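Worksheet for the structure shown next.
The values are calculated or read from the model by the stated rules, or taken from the named source; none is laboratory data. In this text the structure is predicted, and so the values were computed from the model without any measurement. Counting neighbours? That spans all protein chains shown, and the Cβs are built from the backbone with ideal geometry, glycine included. Heads up: the accessible areas ignore ligands, DNA and RNA and are worked out on the full protein's heavy atoms, side chains in. Shrake-Rupley method; radii C 1.70, N 1.55, O 1.52, S 1.80 Å.
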Amino acid sequence: MSARSKARKRALDLLFEAESRGLNLGSLLEQRIESPVTEHPLPEYTRVLVAGVVDHWTDIDEALTTYSQGWSLERMPDVDRAILRIGVWELLHNDEVPAAVAIDEAVELAKEFSTDDSGSFVHGVLARIA
């Protein structure tokens with residue numbers, strides 16, 4: 001697994017934790033940077049991803065609402081919503097990551113951590129946004 005793939009996985013952990021515990025994502029990121037809960041500090045790309053999602057939250061959710069075709073944000077499983085937010089940030093706000101890579105990485109996270117149908121759902125939404 002590449003360093004960026006691992007960083008995406010750690011970002012997913014933070015987004016999912018913040019949402020499921022009702023925490024502010026920016027505050028949780030700061031807390032984990034200052035006081036890591038594992039022996040390994042957060043990778044730099046995890047910090048970039050999470051900070052990017054926080055900074056562009058409204059734009060990201062607007063894109064998801066527009067392109068998810070019949071799925072409100074509230075109806076999506078929490079993990080899918082977190083994966084999609086990471087993917088949308090990479091698609092729209094990170095010129096270093098090709099669209100195909102952002103989509104493939106998000107689909108792999110969905111296949112590993114969500115339902116059997118989540119990979120195709122995530123792919124469809126991100127492909128429409130791309």
### Query
Percent of accessible area on region 1-104 owned by carbon and sulfur, 1.4 Å probe?
50
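Beyond 14 Å, what share of the Cα-Cα pairs of region 64-130 is found? Please give it as a whole percent.
On the way: 1103 of 2211 pairs.
In whole percent, the long-distance tail amounts to 50.
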### Task
Calculate the spin-label point distance for Asn94 paired with Thr115, positioning each point 7 Å from the Cα along the beta-carbon direction, and give it in nanometres.
2.6
### Task
At q = 0.18 Å⁻¹, what is the base-10 log of I(q)/I(0) for region 41-87 according to the Debye formula with one equal point scatterer per Cα and no solvent? Please give it to two decimals.
-0.56
### In Å, descending, principal axis extents of the Cα set of the chain
40, 30, 27
